[in-house]
């Protein structure tokens, strides 16, 4: 029993150490003086615009949750609350593996049963990854020569549109679904004889979602990508003349893929490294790219802290309902 309690703590400490190490390594490659100078020259106005577009992206993600989980009849304020609390739990508390876990938990509280909520959460993530892959492929087709020139031949048009890219995307979605299914099977202790029933319930969840909802999820995911590109553009524009917003699909795609890797706490260091590599490929200096990455992390943490406030108020209301009044005593 003691070993079971110790392992999650050690895993969390390891992820924190990896994230801090990656972030320190990233900062070590740039000159501290130039990094500080770049940060001082950042325009507060453009930085605020970047934060605004980042908030829009998170708001669209909440809308995506509402569309996918429409069977639970969540209104948009509830979906936004779940989004913010999920961000807080993902970035500042141990034992969570992402916003999807809190979405599944919320749906399970509204309606008992994990199969449908897990399936829908996996669908949302898979649709998001595929939508970003489609957008990146469209960008590569439209600006293939430009991508090759910018990356000096390290990444070519064929690499971005080859079947191997789609195999990786499909594998990521499949692994995510298997992980969610494993969580369900472990919590429900599903017997081997019930596997056929499990598959039928998964298929039923897909049918209930419908083609219109799937199309809406793809559209919202593409809008999210647009907001993400505009956020990175504005954060870069706060210091230097930034590449045009369409070019920002390069760091945004790397950031999206990096966020899928559960190697650090809250993807600390991984997201920043993806932004730096992507911006450097677009010709942005290492110091500016590092500041943009840190500002981008700051946007995420600000919204996460707002989610923490929402989470604390929610817990206080729940505790208040269960505390007996003085009259009842």
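The values are calculated or read from the model by the stated rules, or taken from the named source; none is laboratory data. Everything numeric here is computed off the predicted structure, so don't read it as measured data. When we count neighbours, we look across all protein chains shown, and the Cβ atoms used for this are built from the backbone with ideal geometry, even at glycine.
Can you pull out the residues in region 257-293 that are part of a loop (DSSP other than H, G, I, E, B) and under 15 Å from the mean Cα position of the chain (by Cα)? Full working, then the answer.
We begin by selecting, within region 257-293, every residue part of a loop (DSSP other than H, G, I, E, B); these are 260-264, 268-269, 282-285.
Result: 260, 261, 262, 263, 264, 268, 269.
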Checklist outcome for this item: Listed by range, helices (runs of 4 or more DSSP H) wholly within region 96-176 having at least 2 residues that are modelled with pLDDT of 75 or more and within 14 Å of the chain's Cα centre (by Cα) are 99-110, 115-142
Next on the checklist: So in region 224-256, with the set limited to residues that are under 12 Å from the mean Cα position of the chain (by Cα) and either part of a loop (DSSP other than H, G, I, E, B) or in contact (Cβ under 8 Å) with a residue 60 or more places away in the chain (or both), which one is nearest to residue 122 (Cα to Cα)?
Outcome noted: 256
Item to check | region 49-66, residues that are surrounded by 20 or more Cβ atoms within 10 Å (Cβ to Cβ) and over 19 Å from residue 302 (Cα atoms) | outcome: 64, 65, 66
Checklist entry - From the residues in region 8-39 that are under 13 Å from residue 289 (Cα atoms) and surrounded by fewer than 13 Cβ atoms within 10 Å (Cβ to Cβ), which one is nearest to the chain's Cα centre (by Cα)? => result 29
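Can you go through 298, 269, 228, 278 and tell me which one is out of contact with any strand residue (DSSP E or B) (no Cβ under 9 Å at 6 or more places or on another chain) and at positive phi? Before you say what the answer is, go through the steps one by one.
Numbers: 298 fails: at positive phi; 228 fails: at positive phi; 278 fails: at positive phi.
After applying the criteria, what remains is 269.
Is at least one residue of region 40-48 at pLDDT below 90, closer than 24 Å to residue 289 by Cβ and surrounded by 17 or more Cβ atoms within 10 Å (Cβ to Cβ)?
Of all residues in region 40-48, those at pLDDT below 90 come to 40-42.
Now restrict to residues that are closer than 24 Å to residue 289 by Cβ: 40-42.
Now drop any that are not surrounded by 17 or more Cβ atoms within 10 Å (Cβ to Cβ), which leaves 42.
Within region 40-48 (the criterion being at pLDDT below 90, closer than 24 Å to residue 289 by Cβ and surrounded by 17 or more Cβ atoms within 10 Å (Cβ to Cβ)), the answer is yes, since at least one residue qualifies.
Anything in region 23-41 that is out of contact with any helix residue (DSSP H, G or I) (no Cβ under 7 Å at 6 or more places or on another chain) and under 17 Å from residue 275 (Cα atoms)? List them, or say none.
Going residue by residue through region 23-41, those that are out of contact with any helix residue (DSSP H, G or I) (no Cβ under 7 Å at 6 or more places or on another chain) are 24-25, 28, 32-33, 36-37, 40-41.
Matches in region 23-41: 24, 25, 28.
Residue by residue, here is whether (1) modelled with pLDDT under 85; (2) closer than 25 Å to residue 25 by Cβ; (3) buried (at least 24 other Cβ atoms within 10 Å of the Cβ) holds:
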| site | (1), (2), (3) |
| --- | --- |
| 227 | no, no, no |
| 230 | no, no, no |
| 236 | no, yes, yes |
| 245 | no, no, no |
| 254 | yes, yes, no |
| 257 | yes, yes, no |
| 267 | yes, yes, yes |
